[in-house]
Amino acid sequence: MTRKEWKIQAVRALAGTDAPVLTAQLLLCHVLGLDRVALIAHSEEDVPAEAQTVLDAFLARRLSGEPLAYILGSREFYGRDFEVNAHTLIPRPETEHIIEEALAFFDRQGRTGEPVRFLDLGTGSGCIAVTLAAERPTWHGTALDISAGALDTARRNAAAHGAELEFLLADFTGPLPFGEASFDLIVSNPPYISEKEYAELDAGVRDFEPRSALVPGPEGMEHPRAVAEAARRLLRPGGLFLMEHGWLQGEACRALCAGPAWGHVHTVRDLAGKDRCLYAERV
Ligand code: GLN
């Protein structure tokens, strides 16, 4: 069977899933070790028998609902590939707003080249912390997670992108080993989905992504609340707090930063126009 023939039958089988053509192309590229340009330019070449066995097995996994990122073992975030696995959430494009806001804040202040100290609470694959460290090599970051499997993955992602970070296995709902006012920037994409919303999620998310990375408790606000509390204590005056949240949690999250400790509190919307990220400056 040629590459093109495998692709045509895969696209047919994938009808009804998202992006059948792209999925088939990415599977072929991954298994054959090609980029998409090479794949398209040499589509009449035969697929070796062993490669076809692997391709068919991967296609069957996708058809059973497994997200493509887990099958490929990686997902792109802010222009870099991140290893993902059963211990980590798959990075989402809407999380890139945290990166944009963080870089813009310190650029505006002319602090781009300074040794900004930052903390990522619940780092997962490390996509946020590794991206910040890779974009701003003078910054000093700490990436924290309660899952040893996630932290190992984040370490490998940091090494792959030459990002220097400290890693800490810890539970951010409990006491943390940092003094008050230790950081200039605190970022987090914590679990924020309520148990009710979880039951209504796509099967691809529910059956394959780690529940502990999605659901903090019955209400969904348990971890956002703990993260905001940690941020209030650990940020220096003039520091910035950015936290992703659910599209219906904008008001509840702004309320976490009410009071004299915070200024310029507002909600950043995602590209779909939905409330997505809490922005608050420590006064
Ligand atoms: N920080 C990681 C991400 O943005 C993990 C988030 C999580 O597990 N809740 O993908």
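The values are calculated or read from the model by the stated rules, or taken from the named source; none is laboratory data. No experiment lies behind these values; they were computed from the predicted model shown. Cβ coordinates were reconstructed from backbone atoms using ideal geometry, including for glycine residues, and neighbour counts include every protein chain displayed. Side chains are part of the model used for accessible areas, which takes the heavy atoms of the whole protein and leaves out ligands, DNA and RNA. Shrake-Rupley method; radii C 1.70, N 1.55, O 1.52, S 1.80 Å.
Using a probe radius of 1.4 Å on heavy atoms only, what accessible surface per residue do you get for region 199-253? Whole Å² is fine.
44 Å²
Using the beta-carbon distance between residue 219 and residue 11 and R0 = 45 Å, what value does 1/(1 + (r/R0)^6) give for FRET efficiency, to the nearest 0.05?
With R0 = 45 Å, the Cβ-Cβ based efficiency is 0.60.
Under a plain spin-label model, where a point goes 7 Å from the Cα along Cα-to-Cβ, how far apart in nm are residue 42 and residue 108?
It is 5.0 nm.
Hey, what angle do you get for helix 20-32 against the long axis of the chain, alpha-carbon based, 0 to 90 degrees rounded to 10?
Helix 20-32 sits at roughly 80 degrees to that axis.
What accessible surface, in Å², does a 1.4 Å probe find on residue 172, ignoring ligands, DNA and RNA and rounding to the nearest 10?
20 Å²
Using a Förster distance of 30 angstrom, determine the FRET efficiency expected from the C-beta separation of residue 207 and residue 160, and round it to 0.05.
0.65
Give the ranking of 262, 247 by solvent-accessible surface, highest area first, calculated with a 1.4 Å probe.
Largest accessible area first, the list is 247, 262.
Would you mind telling me which residue in 19, 143, 163 has the biggest mean-square fluctuation in a Gaussian network model of the chain, where springs connect alpha carbons within a distance under 10 angstrom?
Top of the fluctuation ranking is 19.
Carbon and sulfur: what percent of the chain's accessible surface (1.4 Å probe)?
Answer for the chain: carbon and sulfur cover 54 percent of the accessible area.
May I ask what percent, to the nearest 5, of DSSP beta bridges between residues of the chain are antiparallel? Could the numbers behind the result be given before it?
Details: 16 of 35 bridges.
Once the DSSP bridges in the chain are tallied, antiparallel ones form about 45 percent.
If you fit an axis through the alpha-carbon atoms of helix 96-108 and take the longest principal axis of the Cα set of the chain, what angle between them do you get, 0 to 90°, nearest 10?
50 degrees
Round to a whole angstrom and tell me the spacing of the C-alpha centers of region 127-159 and region 177-236.
Here the two parts' Cα centres lie 17 Å apart.
With each label point set 7 Å from Cα along the Cα-Cβ vector, what nm distance links residue 52 and residue 248?
Roughly 4.9 nm, to one decimal.
To the nearest 10 degrees, how steep is helix 3-13 against the longest Cα principal axis of the chain, on a 0 to 90 scale?
70 degrees
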